[in-house]
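Undergrad: Attaching a single structure in structure tokens format; questions to follow.
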Amino acid sequence: MNNPLRQLGNIPATAAALESLYPHIKGGNQKIRSLESDKQIIRLKRGLYVCNPEVTGIALSTELIANHLYAPSYVSMSTALRYYGLIPEEVFAVQSMTLKHSRDFDTPLSRFEYTHTSKNAFSVGLTIIRKKGYAFIMASPEKALCDLISASPQVNLRYLKDAINYLEEDIRMDLDDFRQMNPEIFEEYATVGKKTDSIRTLIKLLKQ
């Protein structure tokens, strides 16, 4: 029998969306509890679920989930830098920026961490990553680095040597990769975001 959940793929669904798949069944909440008990769906938070990939045959995307779990938001900081292959360390939480208050969610799939950013800085340097059947919003490498610096209270890049040490020693980014970045995104961020002096030091290093 064709499972109606398969049509959802790996896109997070609200309780109402799940109930709509079973219009012939009264008591939709009870059906949802049954699906969760049978491990056909995974509860992300109250009223939001994702289908078990064993049911749909489609792998889950923590980046896509992050966009839906607490919106508006985009994946950023170490998670994005790791996604692009710019830092070597594993990241054990999915990090995002949001216009809402900072908040964390622990789910059966991963920990999702959200850091508040201003409305003016939010839209700088975003990109849409398109996959087969879905897409998610992520910071560009430049924006992810700006967000990471801005969200790290102890980071203060006053001099070029500070920037070099931060990139090479603290986050272990290859300077050759850094030098491929787009200075325009840093410059735009420096006009609206936090840690303006630190970002301008990065710009100086990039233009050397």
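The values are calculated or read from the model by the stated rules, or taken from the named source; none is laboratory data. For clarity, every value in this text was computed on a predicted model and none was experimentally measured. Counting neighbours? That spans all protein chains shown, and the Cβs are built from the backbone with ideal geometry, glycine included. The accessibility values were calculated without ligands, DNA or RNA, using every heavy atom of the protein model including side chains. Shrake-Rupley method; radii C 1.70, N 1.55, O 1.52, S 1.80 Å.
Undergrad: Exactly one condition in (1) farther than 20 Å from Lys207 by Cβ; (2) among the charged types (D, E, K, R); (3) out of contact with any strand residue (DSSP E or B) (no Cβ under 9 Å at 6 or more places or on another chain) is not met by Lys161; state its number.
TA: Only one criterion is unmet by Lys161, namely (1).
Undergrad: A further question on this structure: I need every pair where a residue in the range 192-203 that is within 15 Å of Lys161 (Cβ to Cβ) and without any contact (Cβ under 8 Å) to a residue 60 or more places away in the chain has its Cβ under 9 Å from the Cβ of a residue that is of a type in the set (S, T, N, Q) and surrounded by fewer than 16 Cβ atoms within 10 Å (Cβ to Cβ), sequence separation at least 6 or different chains.
TA: Listed by first residue and then by second, the contacts come to Asp197/Asn156; Ser198/Asn156.
Undergrad: In the range 164-208, how many are hydrophobic (A, V, I, L, M, F, W, C) and more than 19 Å from Ala139 (Cβ to Cβ)?
TA: Matching residues across the range 164-208 total 3.
Undergrad: Right, another one. Just to verify a result, which residue in the range 112-140, among those that are in a helix (DSSP H, G or I) and out of contact with any strand residue (DSSP E or B) (no Cβ under 9 Å at 6 or more places or on another chain), is least open to solvent (accessible area, probe 1.4 Å)?
TA: This residue is Asn120.
Rundown of residues vs (1) of a type in the set (A, V, I, L, M); (2) open to solvent by 100 Å² or more (accessible area, probe 1.4 Å); (3) in a loop (DSSP other than H, G, I, E, B); (4) in contact with a Lys or Arg (Cβ under 8 Å, 6 or more places away or on another chain), yes/no style:
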{"residue": "Met173", "(1), (2), (3), (4)": "yes, no, yes, no"}
{"residue": "Asp176", "(1), (2), (3), (4)": "no, yes, no, no"}
{"residue": "Gln180", "(1), (2), (3), (4)": "no, yes, yes, no"}
{"residue": "Lys194", "(1), (2), (3), (4)": "no, yes, yes, no"}
{"residue": "Ile199", "(1), (2), (3), (4)": "yes, no, no, no"}
{"residue": "Lys204", "(1), (2), (3), (4)": "no, yes, no, no"}
{"residue": "Gln208", "(1), (2), (3), (4)": "no, yes, yes, no"}
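Undergrad: Return the residues of the range 95-123 that are more than 21 Å from Pro153 (Cβ to Cβ) and touching a Lys or Arg at 6+ places or on another chain (Cβ under 8 Å); say none if nothing qualifies.
TA: Within the range 95-123, Phe105, Thr107, Pro108 qualify.
Undergrad: Identify the single condition in (1) touching a Pro at 6+ places or on another chain (Cβ under 7 Å); (2) not in a helix (DSSP H, G or I) that Ile11 does not satisfy, given that it satisfies every other one.
TA: Ile11 satisfies all of (1) touching a Pro at 6+ places or on another chain (Cβ under 7 Å); (2) not in a helix (DSSP H, G or I) except (1).
Undergrad: Only strands (runs of 3 or more DSSP E) wholly contained in the range 18-111 count here; list those with 3 or more residues that are open to solvent by 70 Å² or more (accessible area, probe 1.4 Å), out of contact with any Leu (no Cβ under 7 Å at 6 or more places or on another chain) and farther than 22 Å from Met173 by Cβ.
TA: Correct list: 103-106.
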